[in-house]
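S.K.: Before I ask anything, here is the structure I am working with.
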Amino acid sequence: DTGVSQDPRHKITKRGQNVTFRCDPISEHNRLYWYRQTLGQGPEFLTYFQNEAQLEKSRLLSDRFSAERPKGSFSTLEIQRTEQGDSAMYLCASSLPEDTEAFFGQGTRLTVV
Amino acid sequence: GESVGLHLPTLSVQEGDNSIINCAYSNSASDYFIWYKQESGKGPQFIIDIRSNMDKRQGQRVTVLLNKTVKHLSLQIAATQPGDSAVYFCAVVTGGGNKLTFGTGTQLKVEL
């Protein structure tokens, strides 16, 4: 296992379009997290899953954002009707529930033009 | 809510010197703290962690100090190397689910 994998690495989209990102966590990790990071800032928590259950969502996750983890393995994050303010790095992390050390992927950099 | 802040946005050190990066947090109930290193274009990488029942923890060339009285923690890097150049974040585990609240970050620049 090579760690947390995210796809795509970069995405440029026009305002108003929908985008979907994928995260493949470390295989034995049943916790999966999404964070958003803007330039010069630390990552901000968006949501997390334990297995297929989405247990918490940040108020940052507006109605245009939806995350799924249907089989408790990979996860997708969809943004509908993208806005320029959605431009950021979207980071995925995974961990074991009893282990607070989270391993991050390389992120997907979204640019909305 | 939890807020985490760093004292300096940029730190420049000479190669071989020791580096100290500071972080303040606001919630006295926080009990787990982590330092991450982030290189350009990459995700954060775990460096070292510490729990609130400790005030010092050492790793390879790194030491984390926790002062719960003033809600402050620091990361010390010994014999700083060019490969240490990156942005360093402190993060606090808050609430259930082990989600992290990150500080803004300190850019460490190592000068040859």
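S.K.: Using Cα springs under 10 Å in a Gaussian network model of chain A, which residue among A:Ile79, A:Ile12, A:Ile26 shows the largest mean-square fluctuation?
M.R.: Looking only at A:Ile79, A:Ile12, A:Ile26, the biggest GNM fluctuation is shown by A:Ile12.
S.K.: On a 24 Å Cα-Cα criterion, which of the cross-link pairs B:Lys68/B:Lys109; B:Lys68/B:Lys99; A:Lys57/B:Lys68; B:Lys42/B:Lys109; A:Lys57/B:Lys109; B:Lys37/B:Lys99 come out too long?
M.R.: Working: B:Lys68/B:Lys109 28 Å; B:Lys68/B:Lys99 20 Å; A:Lys57/B:Lys68 29 Å; B:Lys42/B:Lys109 17 Å; A:Lys57/B:Lys109 35 Å; B:Lys37/B:Lys99 17 Å.
Over 24 Å apart, Cα to Cα: B:Lys68/B:Lys109; A:Lys57/B:Lys68; A:Lys57/B:Lys109.
S.K.: Same structure again: Specify which residue in the list A:Thr13, A:Gln54, A:Ile79 is farthest towards the positive end of the charge dipole of chain A, using unit charges on the beta carbon of Lys, Arg (+1) and Asp, Glu (-1), about the Cα centre.
M.R.: Result: A:Thr13.
S.K.: Please report the net charge: other residues with Cβ closer than 15 Å to the Cβ of A:Arg9, K and R +1, D and E -1. Present the calculation step by step, with values, prior to reporting the outcome.
M.R.: Details: positive: A:Lys11, A:Arg22, A:Arg109, B:Lys42; negative: A:Asp7, A:Asp24, B:Glu39.
Once positives and negatives cancel, what remains is +1.
S.K.: Mind checking which of B:Gln60, B:Ser26, B:Gly43 is farthest towards the positive end of chain B's charge dipole, using Cβ charges of +1 (Lys, Arg) and -1 (Asp, Glu) about the Cα centre?
M.R.: It is B:Ser26, whose Cα lies furthest towards the positive end.
S.K.: Right, next: Given H placed 1.01 Å from N in the peptide plane, which residues other than close sequence neighbours of A:Gln17 have an amide H under 5 Å from its amide H?
M.R.: Under 5 Å from the amide H of A:Gln17 lie the amide H atoms of A:Thr82, each far enough along the sequence or on another chain.
S.K.: Here's something else I'd like to know. What does the charge dipole of region A:27-113 about its Cα centre add up to, to the nearest 20 debye, if the Cβ of each Lys and Arg holds +1 and the Cβ of each Asp and Glu holds -1? Intermediate values should be presented prior to the final figure.
M.R.: Details: 9 positive and 12 negative charges, 57 e Å.
Using Cβ point charges on Lys, Arg, Asp and Glu, region A:27-113 gives about 280 debye.
S.K.: OK, next. Using a Cα-Cα cut-off of under 15 Å, which aspartates and glutamates could be cross-linked to A:Lys71, ignoring same-chain neighbours fewer than 8 residues away?
M.R.: Within reach: A:Asp24, A:Glu28, A:Glu52.
S.K.: When the Karplus curve 6.51 cos²θ - 1.76 cosθ + 1.60 is applied with θ = phi - 60°, which whole-Hz ³J(HN,Hα) does each residue of region A:49-63 get, with x for Gly and Pro?
M.R.: The phi angles translate into 10, 10, 6, 8, 8, 7, 9, 7, 10, 6, 5, 5, 7, 6, 5 Hz.
S.K.: Compute a Gaussian network model of chain A, connecting alpha carbons closer than 10 Å, and tell me which residue from A:Asp63, A:Asp86, A:Asp24 fluctuates the most.
M.R.: A:Asp63
S.K.: Average the reciprocal distances over every distinct pair of alpha-carbons in chain B, invert the result, and give the Kirkwood radius in Å.
M.R.: On the way: mean 1/r = 0.0714 Å⁻¹.
Kirkwood hydrodynamic radius for chain B: 14.0 Å.
S.K.: About the Cα centre of the protein assembly as shown, what is the dipole size in debye to 20, counting +1 per Lys and Arg Cβ and -1 per Asp and Glu Cβ, all else neutral? Walk me through the intermediate numbers first.
M.R.: Working: 24 positive and 24 negative charges, 104 e Å.
Taking the Cα centre of the protein assembly as shown as origin, the dipole is about 500 debye.
S.K.: Among residues other than B:Trp35 whose Cβ falls under 11 Å from its Cβ, what is the net charge (Lys/Arg +1, Asp/Glu -1)? Each step should come with its number before you reach the end.
M.R.: Details: positive: B:Lys37, B:Arg57; negative: B:Asp49.
Charge balance in the 11 Å sphere: +1.
S.K.: Which residue, chosen from A:Ala93, A:Trp34, B:Phe89, occupies the Cα position most advanced towards the positive end of the dipole of the protein assembly as shown, where the dipole is computed from +1 (Lys, Arg) and -1 (Asp, Glu) charges on Cβ about the Cα centre?
M.R.: With unit charges placed on the Cβ atoms, the residue in question is A:Trp34.
S.K.: Also, quick follow-up: Please state the charge dipole magnitude for region B:29-112, taken about the Cα centre, from unit charges on C-beta atoms (+1 on K and R, -1 on D and E), reported in debye and rounded to the nearest 20. Can you show the working numbers first?
M.R.: Values: 10 positive and 6 negative charges, 30 e Å.
Rounded to the nearest 20 debye, it is 140 debye.
S.K.: Just need the Rg to Rh number for chain A, please, alpha carbons only, Kirkwood Rh.
M.R.: Working: Rg = 13.2 Å, Rh = 13.9 Å.
Here the Rg-to-Rh quotient is 0.95.
No lab work stands behind these numbers, since they all come straight from the coordinates. This one's a predicted model, so the numbers in the text were calculated from it and none came from an experiment. As a convention, Cβ positions derive from the backbone with ideal geometry for all residues, glycine included, and neighbour counts pool all protein chains shown.
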